[in-house]
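Q: Can you keep this structure in mind? I'll have questions shortly.
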Amino acid sequence: MNVVMIGTGYVGLVSGTCLAEFGAHVSCLDIDRDKIAALRRGEIPIYEPGLAELVEKNTASGRLVFTESYESVVGNADLVFIAVGTPTGDGNGQADLSYVYQAARDLAPYLSGYTVIVDKSTVPVGTAREIRRLVSELNPQADFDVASNPEFLREGAAIFDFMQPDRVVLGVDSGRAAELLQELYRPHMLATPIVVTDLESAELIKYAANAFLAAKISFINEISMLCEAVGADVQAVARGMGLDERIGQKFLQTGPGFGGSCFPKDTRALLHEQEKRGLPAGIVRAVVEINEIQKTRMADKIGQALGGEISGRRIAVLGLTFKPGTDDMRDAPSLTILPQLLEAGAEVHAHDPKGISEARKLLPGEIVYHDTIQDCLTDADAIVLMTEWHEYRDLDFRKIRALCRSGIFIDLRNIYDPARMKEAGFEYYCIGRQASHSEH
């Protein structure tokens, strides 16, 4: 089966490579010539565990190629996936669909024979039908259908998620499109639920799923505020809740707020869609608002730990990306918290195993970056654990304490045992629990 994947960003590159691994002949297409040239040299533009090896394997086999030419690949394709970015538009949270619609316009003239155009990008309801209108207008003779096939890839575990997904969602309005997509995903069909539905439902499933997961995060972060006020332990509360199988324990870990390429963008886009139609949107609006409050609250927590005296203090930050296992800095809490510390006069030093290159593009230039954890922590007045990379989970705290000027440690991910931190000589601060609460 011949597949074209338009877009070599996170979704397109991972999806195209995995489809090649399943045996399809995949052409990953991008209009960025430099990016295509780099991919042909084996240079991967994103960090995702296992991706580089899989790209190398499938390019060597000839099942995966990279191109900037629509003309050379679209005419031979059975399926053309659109996997370009849908960033938040200016001001109102609406998804910017200009890249999606431009891809549709660019591919339309080259369609030949029956083809299914598949929306892989996260898009609002109605996008697939608009793609159909655009393509039909530009190529009235084309024999094609449009389908929606949303992705559910977790950064840091994307290869696993594509190979062993919880479900595959296929939004179609013709039997031919459904048959072709089911043939493509046949390697999944014995073990994975295949949800075949209409276009609108498929488009909404992705937004609804991400908003619900984001709601769990904002809920437990809001509960963490109450825990601090009344002296409860948010980890005990979350465990007691999560053992109810109707609730579940996933996404009940408190932290500095959610970030990344999906949750912030998708919750804002869903909120926009609800408000545009005059529908009540109280839950999703609260999810977004609590997330912003939590980020600001973390900067205040750091200031309080320093006795309100931030100016001139050296703050060592461990982790910058929105989560471990990725170099993605999009909407990372560090982008909100660290500028506030700099504005208050702090001297910010930072370490991240994979995110420094991206961080330099997005954070103020005053931040000092370090290649080693030891250099970052030396002479620190306070340490802030921002992202729970594995490298930070088993640190020698007594050695670390000897490096620091002061023993203030602010754990924004609640990954350490307060008793152990106290024994190592730290004045330990965390979220939603008292420093006296130890792990059992």
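Q: Please determine, by comparing only the residues of segment 156-181 that are in contact (Cβ under 8 Å) with a residue 60 or more places away in the chain and touching a helix residue (DSSP H, G or I) at 6+ places or on another chain (Cβ under 9 Å), which one is surrounded by the fewest Cβ atoms within 10 Å (Cβ to Cβ).
A: Residue satisfying both the conditions and the ranking: M163.
Q: Mind counting the residues in segment 337-347 that are surrounded by 19 or more Cβ atoms within 10 Å (Cβ to Cβ) and either assigned to a helix (DSSP H, G or I) or acidic (D, E) (or both)?
A: 4
Q: The conditions are (1) farther than 25 Å from F160 by Cβ; (2) at pLDDT below 95; (3) out of contact with any Ser or Thr (no Cβ under 6 Å at 6 or more places or on another chain), and A95 fails exactly one of them. Which is it?
A: Single failed check for A95: (3).
Q: While we're looking at this one, here's another question. Kindly list, by first and then second residue, each pair from a residue in segment 211-228 that is more than 16 Å from D331 (Cβ to Cβ) to a residue that is among the basic types (K, R), limited to pairs with Cβ atoms under 7 Å and residues at least 6 apart or on different chains.
A: Correct list of pairs: C227/R433.
Q: A further question follows. Select from segment 144-165 the residues that are more than 18 Å from E183 (Cα to Cα) and not in a helix (DSSP H, G or I) and list them in ascending order.
A: F152, L153, R154, E155, G156, A157
So that you can scan it fast, the table gives a plain yes or no per residue for (1) charged (D, E, K, R); (2) assigned to a helix (DSSP H, G or I):
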| position | (1), (2) |
| --- | --- |
| E203 | yes, yes |
| K206 | yes, yes |
| A209 | no, yes |
| I217 | no, yes |
| I223 | no, yes |
| L226 | no, yes |
| Q235 | no, yes |
| F251 | no, no |
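Q: Examine segment 13-23 for a residue that is crowded, with 18+ Cβ neighbours inside 10 Å, over 24 Å from P87 (Cα atoms) and in contact with a His (Cβ under 6 Å, 6 or more places away or on another chain), and state whether such a residue exists.
A: No - not one qualifying residue is present in segment 13-23.
Q: Name the single residue, out of those in segment 75-103 being among the aliphatic types (A, V, I, L, M) and assigned to a strand (DSSP E or B), that is farthest from A142 (Cα to Cα).
A: A95
Q: Can you pull out the residues in segment 92-128 that are closer than 23 Å to E183 by Cα and charged (D, E, K, R)?
A: D119, K120, listed by residue number.
Q: Pull up segment 269-315, narrow it to residues that are outside any helix (DSSP H, G or I) and touching a Leu at 6+ places or on another chain (Cβ under 9 Å), then point me to the one that is farthest from T127 (Cα to Cα).
A: R313
Q: Take Q374 and decide whether it is within 19 Å of W389 (Cα to Cα), more than 18 Å from the chain's Cα centre (by Cα), at pLDDT 95 or above and outside any loop (DSSP other than H, G, I, E, B).
A: Yes.
Q: Taking segment 113-155 only, how many residues are among the polar types (S, T, N, Q) and crowded, with 21+ Cβ neighbours inside 10 Å?
A: Final tally of qualifying residues: 6.
Q: Same structure again: Go through the residues of segment 382-395 one by one and say whether even a single one is of a type in the set (G, A, S), crowded, with 21+ Cβ neighbours inside 10 Å and assigned by TED's automatic domain parsing to the domain that holds A236.
A: There is at least one residue in segment 382-395 that is of a type in the set (G, A, S), crowded, with 21+ Cβ neighbours inside 10 Å and assigned by TED's automatic domain parsing to the domain that holds A236.
Q: Working carefully through the options R398, R420, find the one that is assigned to a helix (DSSP H, G or I) and within 26 Å of V237 (Cβ to Cβ).
A: R420
Q: Any residue at all in segment 400-408 that is over 30 Å from G9 (Cβ atoms), crowded, with 22+ Cβ neighbours inside 10 Å, touching a residue at least 40 places away in the same chain (Cβ under 8 Å) and not assigned by TED's automatic domain parsing to the domain that holds I159?
A: No, the conditions are met nowhere in segment 400-408.
Q: Within segment 104-136, can you find the residues that are closer than 18 Å to D173 by Cβ and in a helix (DSSP H, G or I)?
A: Once the filter is applied, which keeps residues that are closer than 18 Å to D173 by Cβ and in a helix (DSSP H, G or I), segment 104-136 yields A104, T127, A128, R129, E130, I131, R132, R133, L134, V135, S136.
Q: Does T326 count as free of Cβ contacts under 8 Å to residues at least 60 places away in the same chain and of a type in the set (S, T, N, Q)?
A: Judged against the criteria, T326 is not a match.
Q: Of the residues that make up segment 426-440, is at least one surrounded by fewer than 19 Cβ atoms within 10 Å (Cβ to Cβ), assigned to a loop (DSSP other than H, G, I, E, B) and in the same structural domain as T296 (by TED's automatic domain parsing)?
A: There is no residue in segment 426-440 that is surrounded by fewer than 19 Cβ atoms within 10 Å (Cβ to Cβ), assigned to a loop (DSSP other than H, G, I, E, B) and in the same structural domain as T296 (by TED's automatic domain parsing).
Q: Please verify whether L184 is hydrophobic (A, V, I, L, M, F, W, C) and either in contact with a helix residue (DSSP H, G or I) (Cβ under 8 Å, 6 or more places away or on another chain) or surrounded by fewer than 20 Cβ atoms within 10 Å (Cβ to Cβ) (or both), treating the condition exactly as stated.
A: Against the criterion (hydrophobic (A, V, I, L, M, F, W, C) and either in contact with a helix residue (DSSP H, G or I) (Cβ under 8 Å, 6 or more places away or on another chain) or surrounded by fewer than 20 Cβ atoms within 10 Å (Cβ to Cβ) (or both)), L184 qualifies.
Q: Within segment 21-57, count every residue that is touching a residue at least 24 places away in the same chain (Cβ under 8 Å) and under 22 Å from D106 (Cβ atoms).
A: Going through segment 21-57 one residue at a time, the tally reaches 15.
Q: Right, something else. Quick one: G365 ticks every box in (1) part of a loop (DSSP other than H, G, I, E, B); (2) closer than 14 Å to A305 by Cβ; (3) of a type outside the set (S, T, Y) except a single one, so which number is it?
A: (2)
The values are calculated or read from the model by the stated rules, or taken from the named source; none is laboratory data. Keep in mind that what you see is a predicted model, and the values were worked out from it rather than measured. A quick note on method: Cβ atoms are made from the backbone with ideal geometry, for glycine too, and the neighbour counts reach across all protein chains shown.
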